[in-house]
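Laboratory data are not the source of any read-out in this text; all were calculated from the coordinates shown. Please read these numbers as outputs of a predicted model, since none were measured by experiment. Here Cβ is always computed from backbone atoms with ideal geometry, including for glycine, and neighbour counts include all displayed protein chains.
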Amino acid sequence: MTLLSVRDLRVTFGTADGDVHAVKGVSFDVSPGETVAIVGESGSGKSVTANSLLRLNFGADVRTSGQVLLEGRDILAMSDEEVRHVRGREVAMIFQDPLTALNPFYSVGRQIGEAYAVHHPEASKKELREIALDSLHKVGIPEPGKRIDQHPHEFSGGMRQRIVIAIALVNSPKILIADEPTTALDVTVQAQILELIAAMQAEHGSAVILITHDLGVVAEITERVMVMYAGRVVESAAVADAFVTPTHPYTRGLLKSVKSLDSVRHERLESIPGIPPSLINLPSGCPFHPRCAHADSLAGRCSTEVPELRRVGPGSSACHLPDERLLNLLGGAHER
Amino acid sequence: MIFFVLRRSFFAIVLLLIVSAFTFVIFSALPSDPAALTCGKNCRPEVIESNRERLGYDRPLVEQYGAYMKGIFAGRTYGEEGSSIHCSAPSLGYSYDRHECVTTLIASTLPVTASIALGAFVLWMVIGVGLGTLAALKRGRWQDRVATAFSVIGVSLPTFFLGLIFIMVFVIWTGLLPFPRYTGLTENPVEWFMSLLLPWFVLAIISAATYVRMTRNGILEVMNEEFVRLGIAKGLPRRRLIVTYVLRAALVPIVTIAGLDFAFLLGGALVTESIFNLPGLGKLTLAAVINSDLPILVATTMVSAVFIVVANTVVDILYGYLDPRVRVK
């Protein structure tokens, strides 16, 4: 059974320079307890996609269309009050920067308790404190009894992200959206936070949607990966497949631009030529074609026709190249 | 926290001593001879000299300052036995022009100025923060435009102009209010209120203009903060989010500035008090300027300085309570 089903999600921001098409027709499903990663460069639309799931895209002129079905109920069609009951209770979110995500004016205990109290108005103060204490303990804050009354600025970045996670999980949500949860943290802390998210997921049985640009993070805790480029999903596959036999030329470039520990020492680190396209003036046809080495081989089709996401081998890919070429693009020679 | 309060208070006292010394030196350096001002134009030199001696202006400056400071704590007697004048502590000097102890003069103005300042302060905070909040929440809509227009007009209007317009409209044309004549609160609360209504509004409108903008910008800034987004993601109801997250954060800097502005107003609203004929500290100061009444000027300057320094200290201490990040252990 699908828990979350996103259908043809489109998000456009009206700006003074023109419409920014941040998300252009994204569809995907998430099953209960599953971990899905959305990967892409800055501006690929991954964060906007994640924010849409809770209607958290704000601005003077935001236009969203499509469907975000949570157990069949369309979040995009709900009233503000209905969405409010989904937020934090059924779908919770971990933000990128723990240094700014916590309210500096209130103690961490109060902030955790508040997240619970919003959806459990009957809870007494004493109960809320118990819950906050328990949450702090579970996310690995030492001496929770002492720390509960402290304010966010008294915690380190890693500790604050643990508190953000405690807030997100206090209602045992069905879905946990983690938007670059380790990007702002020290490398040594990153692994701990990922482990914590995985452990909490196991305990609460939540599905996790992980937004990241860090392929190492993807490999570590997710089962399925969606690669986004210029507001579209260009490849979707199980992590094992995507990493070993990426089909889309963009995914391939992305993987090649990561240095692994066992790579040859003086080997040149490859990069994808060009820069990500402007979301106001997208290239015609396949948005990746100006940067793609294979675009010329299809007699102009790449610059005129947008490729649809279609089944290719074990996963899906949005590329005009024929299946056999996509599957043999690497010749199975990727050393990873 | 207690240590912090004590330390801040200590520095406040040191600062006041420095301010008082500066004020004293500056007014002594003025070209006008305070002794000559004690009697009229055709004054005999002997009288000037005897007054100079009586008031202590013949002594070295340091001694004068010492006597002045001593007077604040112990009171001061001018002149010899028989024809002496005594100003009891805290003595801030003697005004020869008015033949009265400066402290008595200032004390009589303080209730007036305090009444003006307090009412105007309450009104401008309500108008300023209220309109600013409304403008921020209805950003880009007509409420926002009205608030912005109000703020622009308020900032550009001179106090005397608005004051005169108010008198013209409410007193002369419509006769809704009597011409302001100050009545003490204890004498007749209704008349007290009526006499202060116009000055309150004049001061409030002019000060509120800045607060509308500060509040609006502060709120819009806080609304973009990540922690507010987390509050929304938690599922907090909008009203609660605005009060406990947005306003809570946006008002901290505003409270700080408001404290100082209030103290400044306590030092006397010179123009407003003059226009509405209110016998407050501002009017006393203005009259002293016109009459070159140096003892009063020195005293009002110091009293205003005390208000500012005290407010600064209070705001600093308050800030520690309002923002946990600056709270001192």
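Expressed as a fraction of 2.2 N^0.38 Å, the value expected for a compact globular protein of N residues, the C-alpha radius of gyration of chain A is 1.05.
Ordered by the count of other Cβ atoms within 10 Å of each Cβ, fewest first, A:Arg7, A:Arg84, A:Arg110, B:Arg216 give A:Arg7, A:Arg110, A:Arg84, B:Arg216. Angle of helix B:142-156 to the longest C-alpha principal axis of chain B, folded into 0 to 90 degrees and rounded to 10: 20°.
Taken over the range A:1-56, the ratio of Cα radius of gyration to 2.2 N^0.38 Å equals 1.24. Remark: mean inter-chain Cβ contacts per residue of B:235-247 equal 3, using a 10 Å Cβ-Cβ cutoff to other protein chain atoms.
P(r) tail, the range B:56-137: Cα-Cα pairs separated by more than 18 Å, 60% of all pairs. Counting neighbouring beta carbons within 10 Å and listing from fewest to most, the residues B:Thr103, B:Thr272 come out as B:Thr103, B:Thr272. Cross-link partners of A:Lys146 among lysines, defined as those whose alpha carbon lies under 21 angstrom from its own and excluding same-chain residues fewer than eight positions apart: A:Lys125, A:Lys126, A:Lys138, B:Lys329. The angle between the Cα long axis of helix B:61-74 and the longest principal axis of the Cα atoms of chain B comes to about 70 degrees, rounded to the nearest 10.
Please average, across the residues of A:83-95, the number of beta carbons from any other chain that are within 10 Å of each residue's own beta carbon, and give a whole number. Whole-number average of other-chain Cβ neighbours for A:83-95 is 3. Among A:Gly33, A:Gly231, A:Gly216, the residue with the largest mean-square fluctuation in a Gaussian network model of chain A, with springs joining Cα atoms closer than 10 Å, is A:Gly216.
Average 1/r across all pairs of distinct alpha carbons in the range A:144-221, invert it, and you get the Kirkwood radius: 13.2 Å. If you take the square roots of the eigenvalues of the alpha-carbon gyration tensor of the range B:131-181 and sort them as a ≥ b ≥ c, do you get rounded (a/c under 1.5), prolate (a/b over b/c) or oblate? Prolate, since a/c reaches 1.5 and a/b exceeds b/c. Under the convention that each Lys and Arg Cβ holds +1 and each Asp and Glu Cβ holds -1, the size of the dipole of chain A around its Cα centre is about 160 debye. Overall dimensions of the range B:265-311, expressed as equivalent-ellipsoid semi-axes from the Cα gyration tensor (√(5λ), whole Å, largest first), are 17, 15, 6. Between A:Ser297, A:Ser31, A:Ser172, the Gaussian network model of chain A with springs among Cα atoms under 10 angstrom shows the greatest mean-square fluctuation at A:Ser297. Starting from the Kirkwood radius over alpha-carbon pairs of the range B:165-241, derive D by Stokes-Einstein at 10 °C in a medium of 1.306 mPa s and give it in µm² s⁻¹. Here the translational diffusion coefficient equals 99 µm²/s.
Shielding of peptide A:114-123 by partners, expressed as the average count of other chain Cβ atoms within 10 Å per residue Cβ, is 2. Between helix A:187-204 and chain A there is an angle of about 70 degrees, using the helix long axis and the longest principal axis of the Cα atoms.
Farthest towards the positive end of the charge dipole of the protein assembly as shown, among the residues A:Ala132, B:Trp124, A:Ser172, is the Cα of B:Trp124, using unit charges on the Cβ of Lys, Arg, Asp and Glu. Charged side chains reduced to their Cβ positions (Lys and Arg at +1, Asp and Glu at -1) give the range A:1-136 a dipole of some 140 debye around its Cα centre.
Taking every DSSP bridge with both residues inside chain A, close to 60 percent are antiparallel. Listing A:Lys138, B:Lys138 from fewest to most neighbouring C-beta atoms within 10 Å gives B:Lys138, A:Lys138.
A convex hull fitted around the alpha carbon atoms of the protein assembly as shown yields 243 Å³ per residue.
Every pair of different Cα atoms in chain B enters the Kirkwood calculation, which places the hydrodynamic radius at 22.8 Å.
Based on every Cα atom in the range B:109-246, Rg and the maximum pairwise Cα distance Dmax equal 18.7, 57 Å.
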